[in-house]
1. Name the single residue, out of those in segment A:64-85 being open to solvent by 30 Å² or more (accessible area, probe 1.4 Å) and facing another protein chain (nearest Cβ under 8 Å), that is farthest from ligand 1 (Cβ to nearest atom).
2. Inspect segment A:155-168 for any residue being closer than 22 Å to A:GLU198 by Cα, assigned to a helix (DSSP H, G or I) and at pLDDT below 95 and give the result as yes or no.
3. When only residues in segment A:188-235 that are in contact with a Pro (Cβ under 7 Å, 6 or more places away or on another chain) and crowded, with 22+ Cβ neighbours inside 10 Å count, which is modelled with the lowest pLDDT?
4. Inside segment A:42-63, can you point out the residues that are more than 14 Å from chain B (Cβ to nearest Cβ) and more than 9 Å from ligand 1 (Cβ to nearest atom)?
5. Would a scan of segment A:93-103 turn up a residue that is on the phi < 0 side of the Ramachandran plot, within 16 Å of ligand 2 (Cβ to nearest atom) and among the polar types (S, T, N, Q)?
6. Would you mention how many residues in segment B:40-56 are in contact (Cβ under 8 Å) with a residue 12 or more places away in the chain and of a type in the set (A, V, I, L, M)?
7. Among the listed residues B:GLY82, B:GLY94, B:GLY86, which satisfies the condition of being surrounded by 15 or more Cβ atoms within 10 Å (Cβ to Cβ), within 22 Å of the chain's Cα centre (by Cα), farther than 17 Å from B:VAL205 by Cβ and among the small types (Gly, Ala, Ser)?
8. Can we say B:LEU60 is part of a helix (DSSP H, G or I) and without any contact (Cβ under 8 Å) to a residue 24 or more places away in the chain?
Amino acid sequence: MQPHIQIGKVSKVFSTGDREVVALDDINLDVRRGEFVCLLGPSGCGKSTLLNAVAGFSPPTTGTILVDGEPVQAPGPDRGMVFQEYALFPWMTVEKNIAFGLEIKKKPKAQIREKVGALLEMLKLQDFRDRYPKDLSGGMRQRVAIARVLALDSPIMLMDEPFGALDSLTRRNLQDELLRIWTEYKKTIIFVTHSIEESIYLADRIVVMTYRPGKIKKDVSVAMPRSRDPSSAEFNELKKELSLLVMEEQSRHNQEEIKAPTAD
Amino acid sequence: MFETLQGFLVPIVLLALWQWLSTQAIVNPQILPAPTAVLAKWWEYLKPQELFDPAQSSYLAWLFSGELIRDAYASLYRVVVGFLVGAVLALPLGLMMGANDRIYKLFNPLIQVFRPIPPIAFIPLSILWFGLGNPPAIFLIVIGAFFPILMNTIAGVRHVDGIYIRAARSLGASQTTMFLRVMLPAATPYILTGARIGVGTAFIVVIVAEMIAVNNGLGYRILEAREFFWSDKIIAGMFSIGLLGLAIDTGMNRLNNYLLKWHRGIESN
Ligand SMILES: Nc1ncnc2c1ncn2[C@@H]1O[C@H](COP(=O)(O)OP(=O)(O)OP(=O)(O)O)[C@@H](O)[C@H]1O
Ligand SMILES: [Mg+2]
(Lines give C-alpha, C1' and ligand atoms only; values in the text may rest on other atoms or scores of the structure.)
(Ligands and ions follow the chains in the order given, each with its own letter.)
Protein backbone atom coordinates (compact mmCIF):
# COMPACT_ATOMS: atom_id res chain seq x y z
CA MET A 1 0.00 0.00 0.00
CA GLN A 2 1.15 3.52 -0.79
CA PRO A 3 2.52 5.40 2.21
CA HIS A 4 0.32 8.25 3.34
CA ILE A 5 3.26 10.65 3.53
CA GLN A 6 6.48 10.11 1.60
CA ILE A 7 9.47 12.24 2.38
CA GLY A 8 12.18 11.59 -0.19
CA LYS A 9 15.75 12.91 -0.13
CA VAL A 10 14.64 16.09 1.53
CA SER A 11 17.20 18.70 2.48
CA LYS A 12 16.77 22.26 3.64
CA VAL A 13 19.46 24.91 3.72
CA PHE A 14 18.92 28.27 5.36
CA SER A 15 21.30 30.98 4.34
CA THR A 16 21.40 33.95 6.63
CA GLY A 17 23.90 36.51 5.41
CA ASP A 18 27.24 34.80 5.07
CA ARG A 19 26.33 31.69 7.05
CA GLU A 20 24.62 28.59 5.75
CA VAL A 21 22.75 26.27 8.06
CA VAL A 22 21.95 22.82 6.82
CA ALA A 23 18.77 22.25 8.80
CA LEU A 24 17.81 19.02 7.01
CA ASP A 25 20.04 16.68 5.10
CA ASP A 26 18.81 13.78 3.00
CA ILE A 27 15.74 12.90 5.03
CA ASN A 28 13.88 9.84 3.86
CA LEU A 29 10.77 8.88 5.74
CA ASP A 30 7.58 7.05 4.83
CA VAL A 31 4.61 7.36 7.10
CA ARG A 32 1.84 4.78 6.88
CA ARG A 33 -1.80 5.74 6.92
CA GLY A 34 -2.95 5.86 10.51
CA GLU A 35 0.56 5.81 11.90
CA PHE A 36 1.58 7.91 14.90
CA VAL A 37 5.13 9.13 14.33
CA CYS A 38 7.12 11.21 16.78
CA LEU A 39 10.05 13.33 15.65
CA LEU A 40 12.48 13.46 18.55
CA GLY A 41 15.66 15.44 18.96
CA PRO A 42 17.30 18.31 20.78
CA SER A 43 16.53 21.92 20.07
CA GLY A 44 17.69 23.10 16.67
CA CYS A 45 17.91 19.70 14.99
CA GLY A 46 15.34 20.55 12.35
CA LYS A 47 12.13 18.99 13.68
CA SER A 48 10.04 22.09 13.03
CA THR A 49 11.71 22.60 9.69
CA LEU A 50 10.69 19.11 8.60
CA LEU A 51 7.15 19.53 9.91
CA ASN A 52 6.78 22.90 8.21
CA ALA A 53 7.92 21.37 4.95
CA VAL A 54 5.24 18.69 5.22
CA ALA A 55 2.70 21.35 6.17
CA GLY A 56 3.68 23.28 3.04
CA PHE A 57 4.79 26.44 4.81
CA SER A 58 8.34 26.31 3.61
CA PRO A 59 9.30 23.98 0.78
CA PRO A 60 12.46 21.88 1.02
CA THR A 61 15.57 23.05 -0.81
CA THR A 62 15.81 19.69 -2.56
CA GLY A 63 13.80 16.48 -2.48
CA THR A 64 10.10 15.77 -2.57
CA ILE A 65 7.27 15.41 -0.13
CA LEU A 66 4.27 13.46 -1.32
CA VAL A 67 0.93 13.17 0.41
CA ASP A 68 -1.23 10.43 -1.09
CA GLY A 69 1.27 10.43 -3.94
CA GLU A 70 0.74 14.11 -4.69
CA PRO A 71 3.52 16.64 -4.13
CA VAL A 72 2.89 19.16 -1.37
CA GLN A 73 2.59 22.65 -2.85
CA ALA A 74 1.08 24.78 -0.15
CA PRO A 75 -0.55 24.56 3.27
CA GLY A 76 -3.99 23.04 3.18
CA PRO A 77 -6.80 21.77 5.34
CA ASP A 78 -5.93 18.16 4.50
CA ARG A 79 -2.99 18.57 6.89
CA GLY A 80 -4.26 20.09 10.11
CA MET A 81 -1.62 21.91 12.07
CA VAL A 82 -1.43 22.27 15.84
CA PHE A 83 1.14 24.76 17.08
CA GLN A 84 2.92 24.97 20.38
CA GLU A 85 1.74 28.58 20.74
CA TYR A 86 -1.87 27.42 20.13
CA ALA A 87 -2.31 30.05 17.42
CA LEU A 88 -5.99 30.49 18.25
CA PHE A 89 -7.51 33.65 16.87
CA PRO A 90 -7.91 35.80 19.97
CA TRP A 91 -10.73 37.86 18.45
CA MET A 92 -12.91 34.78 17.94
CA THR A 93 -14.75 32.90 20.64
CA VAL A 94 -13.97 29.24 21.21
CA GLU A 95 -16.94 28.31 19.07
CA LYS A 96 -15.91 30.66 16.25
CA ASN A 97 -12.36 29.39 16.31
CA ILE A 98 -13.53 25.82 15.83
CA ALA A 99 -16.04 26.84 13.17
CA PHE A 100 -13.60 28.96 11.18
CA GLY A 101 -12.26 26.18 8.96
CA LEU A 102 -15.78 25.01 8.16
CA GLU A 103 -16.88 28.55 7.35
CA ILE A 104 -13.95 28.83 4.98
CA LYS A 105 -15.20 25.66 3.30
CA LYS A 106 -18.65 27.33 3.07
CA LYS A 107 -20.43 24.48 4.83
CA PRO A 108 -24.10 25.04 5.58
CA LYS A 109 -24.75 26.80 8.90
CA ALA A 110 -26.73 23.98 10.46
CA GLN A 111 -24.01 21.48 9.67
CA ILE A 112 -21.35 23.74 11.17
CA ARG A 113 -23.36 24.20 14.33
CA GLU A 114 -23.87 20.48 14.72
CA LYS A 115 -20.25 19.62 14.13
CA VAL A 116 -18.90 22.33 16.41
CA GLY A 117 -21.35 21.25 19.10
CA ALA A 118 -20.13 17.67 18.89
CA LEU A 119 -16.49 18.73 19.08
CA LEU A 120 -17.13 21.03 22.02
CA GLU A 121 -18.66 18.11 23.82
CA MET A 122 -15.95 15.66 22.88
CA LEU A 123 -13.19 17.94 24.12
CA LYS A 124 -15.18 19.00 27.20
CA LEU A 125 -15.33 22.59 26.06
CA GLN A 126 -19.12 23.19 26.23
CA ASP A 127 -18.83 25.60 29.13
CA PHE A 128 -16.30 27.69 27.24
CA ARG A 129 -18.17 28.00 23.97
CA ASP A 130 -18.59 31.78 24.16
CA ARG A 131 -15.31 32.58 25.85
CA TYR A 132 -12.35 34.22 24.20
CA PRO A 133 -8.98 32.45 24.18
CA LYS A 134 -7.50 34.92 26.65
CA ASP A 135 -9.85 33.54 29.32
CA LEU A 136 -8.67 29.95 28.87
CA SER A 137 -5.85 27.99 30.44
CA GLY A 138 -3.08 26.60 28.24
CA GLY A 139 -4.57 23.13 28.28
CA MET A 140 -7.99 24.45 27.29
CA ARG A 141 -6.50 26.49 24.48
CA GLN A 142 -4.76 23.46 23.09
CA ARG A 143 -8.02 21.51 23.23
CA VAL A 144 -9.61 24.25 21.13
CA ALA A 145 -6.71 24.11 18.69
CA ILE A 146 -7.16 20.36 18.37
CA ALA A 147 -10.91 20.75 17.91
CA ARG A 148 -10.29 23.34 15.22
CA VAL A 149 -8.21 20.83 13.28
CA LEU A 150 -10.65 17.98 13.89
CA ALA A 151 -13.48 20.08 12.51
CA LEU A 152 -11.84 19.90 9.10
CA ASP A 153 -11.65 16.11 9.11
CA SER A 154 -8.05 16.37 8.02
CA PRO A 155 -6.66 12.89 7.56
CA ILE A 156 -3.27 14.16 8.72
CA MET A 157 -2.45 16.03 11.90
CA LEU A 158 0.87 17.81 12.21
CA MET A 159 1.73 18.80 15.74
CA ASP A 160 4.74 20.87 16.73
CA GLU A 161 5.44 20.39 20.43
CA PRO A 162 1.77 20.98 21.15
CA PHE A 163 2.01 20.11 24.83
CA GLY A 164 5.43 21.63 25.43
CA ALA A 165 4.14 24.56 27.47
CA LEU A 166 1.75 22.60 29.69
CA ASP A 167 2.21 21.32 33.22
CA SER A 168 2.76 17.58 33.49
CA LEU A 169 -0.75 16.69 34.67
CA THR A 170 -2.51 18.63 31.93
CA ARG A 171 -0.01 17.23 29.52
CA ARG A 172 -0.78 13.62 30.40
CA ASN A 173 -4.45 14.40 30.15
CA LEU A 174 -4.13 15.78 26.67
CA GLN A 175 -1.86 12.97 25.58
CA ASP A 176 -4.57 10.48 26.55
CA GLU A 177 -7.16 12.61 24.82
CA LEU A 178 -5.06 12.70 21.69
CA LEU A 179 -4.58 8.93 21.69
CA ARG A 180 -8.33 8.50 22.02
CA ILE A 181 -8.92 10.82 19.08
CA TRP A 182 -6.24 9.14 17.04
CA THR A 183 -7.77 5.71 17.64
CA GLU A 184 -11.30 6.88 16.97
CA TYR A 185 -10.60 8.90 13.82
CA LYS A 186 -7.65 6.89 12.48
CA LYS A 187 -5.56 9.96 11.82
CA THR A 188 -2.02 9.95 10.55
CA ILE A 189 -0.03 11.99 13.02
CA ILE A 190 3.43 13.51 12.92
CA PHE A 191 4.16 14.81 16.37
CA VAL A 192 7.26 16.82 17.21
CA THR A 193 8.63 16.67 20.71
CA HIS A 194 11.86 16.84 22.59
CA SER A 195 10.46 14.85 25.48
CA ILE A 196 11.62 11.27 25.29
CA GLU A 197 8.93 10.09 27.64
CA GLU A 198 6.23 11.78 25.63
CA SER A 199 7.41 10.13 22.45
CA ILE A 200 7.42 6.67 24.03
CA TYR A 201 4.00 7.24 25.56
CA LEU A 202 2.45 8.23 22.27
CA ALA A 203 4.19 6.93 19.20
CA ASP A 204 4.07 3.86 16.99
CA ARG A 205 7.42 4.98 15.74
CA ILE A 206 10.03 7.36 17.05
CA VAL A 207 12.33 9.07 14.58
CA VAL A 208 15.42 10.41 16.33
CA MET A 209 17.14 13.25 14.52
CA THR A 210 20.73 14.45 14.58
CA TYR A 211 21.82 18.00 15.19
CA ARG A 212 23.25 19.92 12.21
CA PRO A 213 22.98 18.61 9.71
CA GLY A 214 19.53 17.28 10.56
CA LYS A 215 19.53 13.66 9.57
CA ILE A 216 17.62 10.66 10.77
CA LYS A 217 19.78 9.04 13.40
CA LYS A 218 17.50 6.21 14.31
CA ASP A 219 14.02 4.99 13.50
CA VAL A 220 12.59 3.06 16.43
CA SER A 221 9.31 1.14 16.41
CA VAL A 222 7.43 0.99 19.68
CA ALA A 223 5.49 -2.22 19.99
CA MET A 224 4.23 -1.81 23.56
CA PRO A 225 0.44 -2.00 23.81
CA ARG A 226 -1.38 1.11 24.93
CA SER A 227 -2.01 2.54 27.34
CA ARG A 228 1.64 2.46 28.21
CA ASP A 229 2.92 2.52 31.72
CA PRO A 230 5.83 4.92 32.16
CA SER A 231 6.96 3.01 35.22
CA SER A 232 7.21 -0.34 33.44
CA ALA A 233 10.59 -1.94 32.80
CA GLU A 234 10.05 -2.03 29.05
CA PHE A 235 9.21 1.67 28.96
CA ASN A 236 12.31 2.55 30.93
CA GLU A 237 14.52 0.29 28.87
CA LEU A 238 13.53 2.18 25.75
CA LYS A 239 13.80 5.48 27.54
CA LYS A 240 17.40 4.71 28.47
CA GLU A 241 18.25 3.72 24.92
CA LEU A 242 16.71 6.88 23.45
CA SER A 243 18.27 9.08 26.12
CA LEU A 244 21.70 7.99 25.02
CA LEU A 245 20.93 8.83 21.40
CA VAL A 246 19.44 12.22 22.21
CA MET A 247 22.20 13.04 24.66
CA GLU A 248 24.86 12.56 21.98
CA GLU A 249 23.10 15.11 19.82
CA GLN A 250 22.46 17.43 22.70
CA SER A 251 26.16 17.55 23.51
CA ARG A 252 26.95 18.30 19.88
CA HIS A 253 24.44 21.11 20.09
CA ASN A 254 26.13 22.43 23.21
CA GLN A 255 29.56 22.33 21.61
CA GLU A 256 28.36 24.16 18.53
CA GLU A 257 26.69 26.68 20.77
CA ILE A 258 30.03 27.50 22.36
CA LYS A 259 31.68 27.88 18.98
CA ALA A 260 28.94 29.91 17.31
CA PRO A 261 26.02 30.97 19.49
CA THR A 262 22.66 30.71 17.73
CA ALA A 263 19.24 31.90 18.55
CA ASP A 264 17.66 28.53 19.14
CA MET B 1 -16.59 57.72 48.06
CA PHE B 2 -13.64 59.36 49.74
CA GLU B 3 -11.68 58.99 46.51
CA THR B 4 -14.36 60.87 44.56
CA LEU B 5 -14.32 63.65 47.12
CA GLN B 6 -10.57 63.77 46.87
CA GLY B 7 -10.85 64.26 43.12
CA PHE B 8 -13.02 67.33 43.69
CA LEU B 9 -10.75 68.84 46.27
CA VAL B 10 -8.26 70.62 44.05
CA PRO B 11 -10.85 72.06 41.63
CA ILE B 12 -12.96 73.37 44.51
CA VAL B 13 -9.98 75.04 46.14
CA LEU B 14 -8.97 76.59 42.82
CA LEU B 15 -12.51 77.79 42.17
CA ALA B 16 -12.72 79.35 45.60
CA LEU B 17 -9.40 81.04 45.03
CA TRP B 18 -10.56 82.31 41.67
CA GLN B 19 -13.81 83.60 43.13
CA TRP B 20 -11.99 85.36 45.95
CA LEU B 21 -9.46 86.88 43.55
CA SER B 22 -12.18 88.33 41.34
CA THR B 23 -14.04 89.91 44.28
CA GLN B 24 -10.93 91.77 45.29
CA ALA B 25 -10.44 94.89 43.30
CA ILE B 26 -7.06 93.71 41.96
CA VAL B 27 -8.20 92.20 38.68
CA ASN B 28 -10.31 93.76 36.02
CA PRO B 29 -13.43 91.55 35.55
CA GLN B 30 -12.97 91.95 31.82
CA ILE B 31 -9.66 90.14 32.14
CA LEU B 32 -10.78 87.55 34.66
CA PRO B 33 -14.50 87.36 35.42
CA ALA B 34 -15.69 85.62 38.55
CA PRO B 35 -16.65 81.93 38.27
CA THR B 36 -20.20 82.87 39.16
CA ALA B 37 -20.27 85.30 36.26
CA VAL B 38 -18.96 82.59 33.94
CA LEU B 39 -21.62 80.22 35.20
CA ALA B 40 -24.34 82.79 34.66
CA LYS B 41 -23.11 83.44 31.15
CA TRP B 42 -22.91 79.73 30.51
CA TRP B 43 -26.54 79.29 31.47
CA GLU B 44 -27.53 82.14 29.24
CA TYR B 45 -25.51 80.63 26.40
CA LEU B 46 -27.11 77.25 27.01
CA LYS B 47 -30.76 78.12 27.53
CA PRO B 48 -33.25 78.67 24.70
CA GLN B 49 -33.25 82.26 23.58
CA GLU B 50 -36.96 82.60 22.94
CA LEU B 51 -39.93 81.64 25.04
CA PHE B 52 -41.58 78.36 24.21
CA ASP B 53 -44.24 78.73 21.56
CA PRO B 54 -46.03 75.48 20.56
CA ALA B 55 -47.03 77.05 17.26
CA GLN B 56 -43.41 77.62 16.33
CA SER B 57 -41.67 74.36 17.23
CA SER B 58 -41.86 71.14 19.21
CA TYR B 59 -40.87 71.22 22.84
CA LEU B 60 -37.70 69.23 22.25
CA ALA B 61 -36.57 71.47 19.40
CA TRP B 62 -37.17 74.46 21.62
CA LEU B 63 -35.26 72.90 24.49
CA PHE B 64 -32.22 72.45 22.30
CA SER B 65 -32.45 75.79 20.58
CA GLY B 66 -29.89 77.51 22.81
CA GLU B 67 -26.86 79.00 21.14
CA LEU B 68 -24.43 76.66 22.91
CA ILE B 69 -26.33 73.58 21.82
CA ARG B 70 -26.40 74.74 18.23
CA ASP B 71 -22.69 75.57 18.30
CA ALA B 72 -21.77 72.28 19.90
CA TYR B 73 -23.87 70.46 17.34
CA ALA B 74 -22.22 72.33 14.47
CA SER B 75 -18.73 71.50 15.77
CA LEU B 76 -19.59 67.90 16.46
CA TYR B 77 -21.14 67.52 13.04
CA ARG B 78 -17.92 68.72 11.37
CA VAL B 79 -15.78 66.44 13.51
CA VAL B 80 -17.94 63.42 12.78
CA VAL B 81 -18.20 64.00 9.03
CA GLY B 82 -14.51 64.90 8.69
CA PHE B 83 -13.43 61.99 10.81
CA LEU B 84 -15.58 59.51 8.92
CA VAL B 85 -14.36 60.71 5.54
CA GLY B 86 -10.77 60.61 6.79
CA ALA B 87 -11.24 57.10 8.18
CA VAL B 88 -12.93 55.82 5.04
CA LEU B 89 -9.97 57.05 3.00
CA ALA B 90 -7.24 56.01 5.43
CA LEU B 91 -8.45 52.55 6.35
CA PRO B 92 -8.37 50.78 2.97
CA LEU B 93 -5.16 52.55 1.96
CA GLY B 94 -3.56 51.62 5.27
CA LEU B 95 -4.68 48.00 4.98
CA MET B 96 -3.31 47.75 1.47
CA MET B 97 -0.06 49.48 2.32
CA GLY B 98 0.42 47.31 5.36
CA ALA B 99 -0.29 44.09 3.52
CA ASN B 100 1.48 44.75 0.25
CA ASP B 101 5.05 45.92 0.02
CA ARG B 102 4.70 47.17 -3.51
CA ILE B 103 1.77 49.42 -2.65
CA TYR B 104 3.65 50.55 0.42
CA LYS B 105 6.65 51.62 -1.60
CA LEU B 106 4.39 53.34 -4.10
CA PHE B 107 2.63 55.58 -1.59
CA ASN B 108 5.05 55.88 1.28
CA PRO B 109 7.27 58.70 -0.09
CA LEU B 110 4.26 60.89 -0.76
CA ILE B 111 2.87 60.25 2.69
CA GLN B 112 6.16 60.96 4.37
CA VAL B 113 6.21 64.35 2.66
CA PHE B 114 2.65 65.31 3.57
CA ARG B 115 2.42 63.83 7.05
CA PRO B 116 4.61 66.37 8.84
CA ILE B 117 2.60 69.30 7.49
CA PRO B 118 0.29 70.32 10.35
CA PRO B 119 -3.35 70.31 9.18
CA ILE B 120 -3.54 73.96 10.26
CA ALA B 121 -1.03 74.79 7.55
CA PHE B 122 -3.62 73.74 5.01
CA ILE B 123 -5.96 76.56 6.06
CA PRO B 124 -5.00 79.09 3.35
CA LEU B 125 -5.19 76.49 0.63
CA SER B 126 -8.47 75.09 1.89
CA ILE B 127 -10.08 78.54 1.89
CA LEU B 128 -8.70 79.20 -1.58
CA TRP B 129 -10.11 75.92 -2.82
CA PHE B 130 -13.37 75.68 -0.94
CA GLY B 131 -14.20 79.23 0.05
CA LEU B 132 -15.81 79.69 3.45
CA GLY B 133 -18.26 77.52 5.37
CA ASN B 134 -18.33 73.83 6.11
CA PRO B 135 -16.32 72.48 3.13
CA PRO B 136 -12.92 73.99 4.05
CA ALA B 137 -13.43 73.14 7.74
CA ILE B 138 -14.31 69.55 6.98
CA PHE B 139 -11.44 69.31 4.53
CA LEU B 140 -9.03 70.27 7.31
CA ILE B 141 -10.55 67.78 9.70
CA VAL B 142 -10.27 65.04 7.09
CA ILE B 143 -6.56 65.76 6.84
CA GLY B 144 -6.22 65.82 10.61
CA ALA B 145 -7.92 62.46 11.03
CA PHE B 146 -6.44 60.80 7.96
CA PHE B 147 -2.77 60.50 8.89
CA PRO B 148 -3.02 59.05 12.40
CA ILE B 149 -5.47 56.42 11.19
CA LEU B 150 -3.35 55.64 8.15
CA MET B 151 -0.08 55.28 10.02
CA ASN B 152 -1.59 53.12 12.73
CA THR B 153 -3.42 50.90 10.28
CA ILE B 154 -0.20 50.28 8.38
CA ALA B 155 1.62 49.48 11.61
CA GLY B 156 -1.25 47.26 12.76
CA VAL B 157 -1.24 45.15 9.63
CA ARG B 158 2.54 44.89 9.62
CA HIS B 159 2.56 43.71 13.21
CA VAL B 160 0.06 40.91 12.72
CA ASP B 161 1.67 37.89 14.31
CA GLY B 162 2.79 35.50 11.58
CA ILE B 163 1.38 32.58 13.53
CA TYR B 164 -2.19 33.71 12.78
CA ILE B 165 -1.42 33.92 9.11
CA ARG B 166 0.06 30.45 9.16
CA ALA B 167 -2.85 29.03 11.11
CA ALA B 168 -5.35 30.59 8.72
CA ARG B 169 -3.45 29.37 5.67
CA SER B 170 -3.38 25.84 6.98
CA LEU B 171 -7.14 26.06 7.54
CA GLY B 172 -7.44 26.91 3.86
CA ALA B 173 -8.26 30.63 4.09
CA SER B 174 -8.49 32.50 0.79
CA GLN B 175 -6.88 35.90 0.29
CA THR B 176 -10.13 37.70 1.02
CA THR B 177 -10.84 35.69 4.15
CA MET B 178 -7.30 36.24 5.32
CA PHE B 179 -7.68 39.95 4.84
CA LEU B 180 -11.12 40.42 6.35
CA ARG B 181 -11.18 37.85 9.09
CA VAL B 182 -7.54 37.64 10.15
CA MET B 183 -5.51 40.72 9.25
CA LEU B 184 -8.24 43.27 9.90
CA PRO B 185 -9.30 42.01 13.34
CA ALA B 186 -5.70 41.37 14.32
CA ALA B 187 -4.90 44.97 13.46
CA THR B 188 -7.89 46.51 15.27
CA PRO B 189 -6.01 47.43 18.45
CA TYR B 190 -3.68 49.58 16.37
CA ILE B 191 -6.45 50.90 14.15
CA LEU B 192 -8.49 51.99 17.15
CA THR B 193 -5.50 53.73 18.66
CA GLY B 194 -5.15 55.57 15.37
CA ALA B 195 -8.83 56.43 15.38
CA ARG B 196 -8.57 57.84 18.86
CA ILE B 197 -5.62 60.02 17.96
CA GLY B 198 -7.46 60.96 14.77
CA VAL B 199 -10.54 62.13 16.63
CA GLY B 200 -8.35 64.11 19.00
CA THR B 201 -6.64 65.83 16.10
CA ALA B 202 -9.97 66.41 14.38
CA PHE B 203 -11.26 68.13 17.49
CA ILE B 204 -8.27 70.46 17.64
CA VAL B 205 -8.59 71.22 13.96
CA VAL B 206 -12.31 71.94 14.11
CA ILE B 207 -11.84 74.66 16.71
CA VAL B 208 -9.12 76.34 14.68
CA ALA B 209 -11.01 75.97 11.43
CA GLU B 210 -14.10 77.55 12.96
CA MET B 211 -12.07 80.52 14.10
CA ILE B 212 -11.14 81.18 10.51
CA ALA B 213 -13.47 79.72 7.95
CA VAL B 214 -16.99 79.58 9.39
CA ASN B 215 -19.34 81.68 11.48
CA ASN B 216 -20.76 79.21 13.93
CA GLY B 217 -19.48 76.45 16.13
CA LEU B 218 -17.67 76.59 19.44
CA GLY B 219 -14.41 77.83 17.96
CA TYR B 220 -16.13 80.69 16.16
CA ARG B 221 -18.11 81.63 19.26
CA ILE B 222 -15.14 82.17 21.56
CA LEU B 223 -13.34 84.23 18.96
CA GLU B 224 -16.48 86.29 18.42
CA ALA B 225 -16.80 86.81 22.19
CA ARG B 226 -13.30 88.24 22.24
CA GLU B 227 -14.33 91.02 19.90
CA PHE B 228 -16.90 92.16 22.47
CA PHE B 229 -14.54 91.61 25.39
CA TRP B 230 -16.91 88.98 26.80
CA SER B 231 -14.29 87.10 28.72
CA ASP B 232 -17.00 85.26 30.70
CA LYS B 233 -18.37 83.85 27.45
CA ILE B 234 -14.88 82.95 26.24
CA ILE B 235 -14.27 80.94 29.36
CA ALA B 236 -17.72 79.36 29.26
CA GLY B 237 -17.03 78.41 25.65
CA MET B 238 -13.66 76.95 26.55
CA PHE B 239 -15.17 74.76 29.24
CA SER B 240 -17.82 73.65 26.77
CA ILE B 241 -15.10 72.68 24.32
CA GLY B 242 -13.35 70.74 27.08
CA LEU B 243 -16.52 68.90 28.05
CA LEU B 244 -17.33 68.01 24.46
CA GLY B 245 -13.77 66.75 23.98
CA LEU B 246 -14.10 64.66 27.11
CA ALA B 247 -17.41 63.25 25.91
CA ILE B 248 -15.90 62.32 22.55
CA ASP B 249 -12.93 60.65 24.19
CA THR B 250 -15.14 58.74 26.59
CA GLY B 251 -17.24 57.58 23.66
CA MET B 252 -14.16 56.39 21.78
CA ASN B 253 -12.97 54.62 24.88
CA ARG B 254 -16.27 52.78 25.23
CA LEU B 255 -16.15 51.77 21.58
CA ASN B 256 -12.59 50.63 22.06
CA ASN B 257 -13.46 48.43 25.02
CA TYR B 258 -16.42 46.98 23.23
CA LEU B 259 -14.55 46.13 20.03
CA LEU B 260 -11.55 44.81 21.90
CA LYS B 261 -13.33 42.76 24.51
CA TRP B 262 -11.33 39.79 23.26
CA HIS B 263 -8.05 41.56 23.87
CA ARG B 264 -5.70 40.70 26.72
CA GLY B 265 -5.60 43.33 29.40
CA ILE B 266 -9.25 44.28 29.04
CA GLU B 267 -11.39 42.55 31.61
CA SER B 268 -14.48 40.78 30.42
CA ASN B 269 -17.27 39.56 32.59
N1 LIG C 1 14.12 30.83 8.94
C2 LIG C 1 15.33 30.37 9.31
N3 LIG C 1 16.46 31.01 8.92
C4 LIG C 1 17.67 30.56 9.29
N5 LIG C 1 17.89 29.48 10.03
C6 LIG C 1 16.83 28.79 10.45
C7 LIG C 1 15.48 29.20 10.11
N8 LIG C 1 14.62 28.33 10.67
C9 LIG C 1 15.38 27.42 11.31
N10 LIG C 1 16.70 27.68 11.19
C11 LIG C 1 17.81 26.88 11.72
O12 LIG C 1 17.61 25.55 11.33
C13 LIG C 1 17.86 24.68 12.39
C14 LIG C 1 16.66 23.81 12.66
O15 LIG C 1 15.63 24.62 13.22
P16 LIG C 1 14.25 24.03 13.71
O17 LIG C 1 13.42 25.16 14.15
O18 LIG C 1 13.69 23.15 12.69
O19 LIG C 1 14.70 23.19 14.98
P20 LIG C 1 13.80 22.37 16.00
O21 LIG C 1 14.31 20.98 16.01
O22 LIG C 1 12.37 22.56 15.71
O23 LIG C 1 14.18 23.06 17.36
P24 LIG C 1 13.25 23.43 18.61
O25 LIG C 1 13.13 22.17 19.44
O26 LIG C 1 14.04 24.46 19.33
O27 LIG C 1 11.96 23.91 18.11
C28 LIG C 1 18.26 25.50 13.58
O29 LIG C 1 19.65 25.42 13.73
C30 LIG C 1 17.81 26.90 13.24
O31 LIG C 1 18.73 27.82 13.73
MG1 LIG D 1 10.75 23.63 16.70
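The values are calculated or read from the model by the stated rules, or taken from the named source; none is laboratory data. Worth saying up front: this structure is predicted, and the values here are computed from it rather than measured. Counting neighbours? That spans all protein chains shown, and the Cβs are built from the backbone with ideal geometry, glycine included. Just so you know, the surface numbers come from the protein's heavy atoms only, side chains and all, with ligands and any DNA or RNA stripped out. Shrake-Rupley method; radii C 1.70, N 1.55, O 1.52, S 1.80 Å.
1. A:PRO77
2. yes
3. A:TYR211
4. Residues satisfying the conditions are A:PRO60, A:THR61, A:THR62, A:GLY63.
5. no
6. Summing the residues that are in contact (Cβ under 8 Å) with a residue 12 or more places away in the chain and of a type in the set (A, V, I, L, M) in segment B:40-56 gives 2.
7. B:GLY94
8. So B:LEU60 fits the description; yes.
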